[in-house]
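In what follows, a single structure is set out as structure tokens and then discussed.
The values are calculated or read from the model by the stated rules, or taken from the named source; none is laboratory data. In this text, all values refer to a predicted model and were calculated from it rather than measured experimentally. Don't worry about glycine lacking a Cβ; one is built from the backbone with ideal geometry, like all the others, and counts go over all protein chains shown. With ligands, DNA and RNA removed, areas are computed over all heavy atoms of the protein, side chains included. Shrake-Rupley method; radii C 1.70, N 1.55, O 1.52, S 1.80 Å.
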Amino acid sequence: MPWTPTRDAALSALDAFLPRAGSHYSKQRNHDEGWDDGTPETDGPQRRRNVSGLSPWLARRTLTEAEVVAAALAAHGRGNATKFIEEVMWRTYWKGWLAQRPSVWDDYEALRDADRARLDAQPGRRLAYGRALESATGIDCFDHWRHELGTTGYLHNHARMWFASVWIFTLRLPWTLGAALFERELLDADPASNTLSWRWVAGLHTRGKHYVARASNIATCTGGRFAPHGKLDESPEPLREDTEHPIVALPQPKPLDPGPRTGVLVTTDDLHLESSGLLGLDPVAIAGGRASERDDATRFSAASRAFDVAALDDGLHRAARQAGLDAHRLPDGERWLDAVVAWAREASLDRVVTMAPHVGTWEPALERLGSALRHHDIALAHGHRDWDRMLYPHATRGFFKLKKQLPAVIASVA
């Protein structure tokens with residue numbers, strides 16, 4: 001039962017989940033019910049009934065956080081919907097926190113590459129790494145989750161935490177390589193939530209506070225399907241680092257007004273342009289494609305890239321239809337940047353507008369694009385969502401500070 005990368009499918013999934021977004025979700029969300037019951041018509045990660053399964057669409061904003069929260073409130077009211085809303089806000093917390101400490105992302109990429117290179121000089125670790133990738137560690141729950149990840153592109157959130165803890169503390173593998181595996185194969189992989197969640201498990205996000213997978217907890221929350229007693233390191237020390245990551249100021253976006261001859265550029269960072277405000281700038285052209293960073297076959301699985309392509313096509317055509325324009329599909333990969341510049345010049349644009357990128361794979365691509373466009377006297381401008389402007393400033397420390405904004409979130413979507 002694979003996800004369908006369209007907004008229509010996302011809305012159907014949201015409608016199907018809403019009856020369970022209240023007290024049922026609050027009580028059952030931590031249980032990994034499994035995905036393979038041997039019934040082909042029901043097999044698949046989406047058959048789980050205790051979680052929403054909306055994350056592949058939320059990761060690309062095919063669904064927006066605000067509309068999902070509004071739907072949960074309408075269905076259950078604040079009291080029963082609070083836990084689900086908080087989980088949606090966690091995604092925003094990670095993004096806002098990383099936006100103010102972008103050096104964490106740069107550090108992760110550098111460490112990941114260094115850790116890969118070091119494998120050649122560490123035969124024992126290289127062997128353990130290979131066994132982990134091949135579902136051959138002998139830890140049945142871990143091997144099952146590795147198989148599920150590769151087969152479905154998904155893992156239950158609690159399973160992700162257990163997996164990361166076993167990877168780091170029992171298998172003694174570099175956390176960066178585990179984060180890279182998730183980035184490669186998860187259909188909902190998000191640079192902020194993925195990288196920072198691995199750092200949190202390791203004890204690096206909140207220094208000295210790590211997450212330890214315990215056999216008893218796994219047995220309880222998997223309904224006894226797994227009980228790896230005696231196979232896990234349940235008393236490890238947290239990882240440590242010497243690097244400091246100072247806070248940088250968030251950008252203060254200027255409002256965008258109609259006027260210059262404008263083209264809208266669609267990226268997979270935000271695929272609901274209909275609610276973005278960009279289509280109200282009287283654009284004369286609209287285009288979309290995937291930069292080389294998003295089309296990297298060494299970084300993203302074939303399934304992840306295929307989902308990205310189809311989601312982009314859906315978002316581009318929806319936006320073009322609402323704007324009353326023809327959708328211009330740009331080539332993906334290395335040709336993307338030159339194609340954007342050529343499109344902008346052929347349409348005689350004064351500016352290209354796109355939604356502001358999050359820290360991660362789209363940010364460097366759009367920086368290069370801005371530089372290339374300036375050579376032709378074309379500006380690159382960014383739109384920002386009210387949701388991000390409201391919550392990012394509160395993602396400076398732990399989640400609790402942002403959680404205190406729940407009343408403001410509810411008021412904003414009411």
Revision key, fill the gap. So for the stretch 1-141, using the alpha carbon gyration tensor with a ≥ b ≥ c as root eigenvalues (a/c under 1.5 gives rounded; past that, a/b versus b/c decides prolate or oblate), I'd call it oblate
**Study point:** Per-residue HN-Hα couplings for the stretch 303-311 [Karplus 6.51, -1.76, 1.60; θ = phi - 60°; Hz; x = Gly/Pro]
**Key:** 5, 5, 5, 5, 4, 4, 4, 5, 5
Revision key, fill the gap. With all protein chains present, the stretch 3-149 has a carbon and sulfur share of its accessible area (1.4 Å probe) in percent of 48 percent
Point to revise | Order of exposure, largest accessible area first, which applies to HIS76, HIS147, HIS376 with probe 1.4 Å | key: HIS147, HIS376, HIS76
Study note, to complete from the structure: Highest GNM mean-square fluctuation among ASP377, ASP143, ASP242, for the chain with Cα springs under 10 Å, belongs to ASP242
Practice item. Taking the Cα centre of the stretch 322-370 as origin, work out the dipole magnitude from +1 charges on Lys and Arg Cβ and -1 charges on Asp and Glu Cβ, in debye rounded to 20. Key: 60 debye
Exercise for review: Evaluate the charge dipole of the chain about its Cα centre and quote only its size in Debye, nearest 20, assuming +1 on the Cβ of each Lys and Arg and -1 on the Cβ of each Asp and Glu.
Suggested key: 1120 debye
Check your understanding: Calculated from DSSP H runs of 4 or more alone, at -39500 (n - 2.57) each and per residue, what is the 222 nm mean residue ellipticity of the chain, nearest 500?
Key -> -15000 deg cm²/dmol
Revision key, fill the gap. As a Kirkwood estimate from alpha-carbon pairs, the stretch 109-149 has a hydrodynamic radius in angstrom of 11.1 Å
Check your understanding: How large, in percent, is the carbon and sulfur part of the accessible surface of the stretch 368-414 at a probe radius of 1.4 Å?
Key -> 55 percent
Exercise for review: Evaluate the charge dipole of the stretch 304-414 about its Cα centre and quote only its size in Debye, nearest 20, assuming +1 on the Cβ of each Lys and Arg and -1 on the Cβ of each Asp and Glu.
Suggested key: 640 debye
**Study point:** Charge dipole (the chain, unit charges on Cβ, about Cα centre) - positive-most of ALA117, HIS158, ASN217
**Key:** ASN217
Revision key, fill the gap. Comparing GLY150, GLY333, GLY53 in a Gaussian network model of the chain (Cα, 10 Å), the one with the largest mean-square fluctuation is GLY333
Point to revise | Global form of the stretch 285-346, assessed from the alpha-carbon gyration tensor, a/c cut-off 1.5 | key: oblate
Review point. What is the antiparallel percent of DSSP beta bridges lying wholly in the chain, to the nearest 5?
Key: 5 percent
Practice item. Over the stretch 185-276, with every protein chain in place, what whole percent of the accessible area is carbon and sulfur at 1.4 Å, could you tell me? Key: 52 percent
Practice item. Kindly sort SER301, SER135, SER235 by accessible area of their heavy atoms, largest first, with the probe set to 1.4 Å. Key: SER235, SER135, SER301
Review point. By average Cβ neighbour count within 10 Å, what is the ranking of 380-386, 22-28 from highest down?
Key: 380-386, 22-28
Review point. How long are the three semi-axes of the equivalent ellipsoid of the chain, in whole Å, if each is the root of 5 times an eigenvalue of the C-alpha gyration tensor, listed from largest down?
Key: 36, 25, 21
**Study point:** For the chain: relative contact order, % (alpha-carbon pairs under 8 angstrom, 6 or more apart)
**Key:** 19 percent
Check your understanding: For the stretch 262-293, list residues with backbone N below 15 Å from a point placed 7 Å from the Cα of SER348 toward its Cβ?
Key -> 262-263, 284-285
Exercise for review: Roll a 1.4 Å probe over the protein chains and send me the accessible area per residue for the chain in Å².
Suggested key: 42 Å²
Study note, to complete from the structure: Taking a ≥ b ≥ c as the square roots of the eigenvalues of the Cα gyration tensor, with a/c under 1.5 meaning rounded and otherwise prolate when a/b exceeds b/c and oblate if not, the stretch 140-199 is oblate
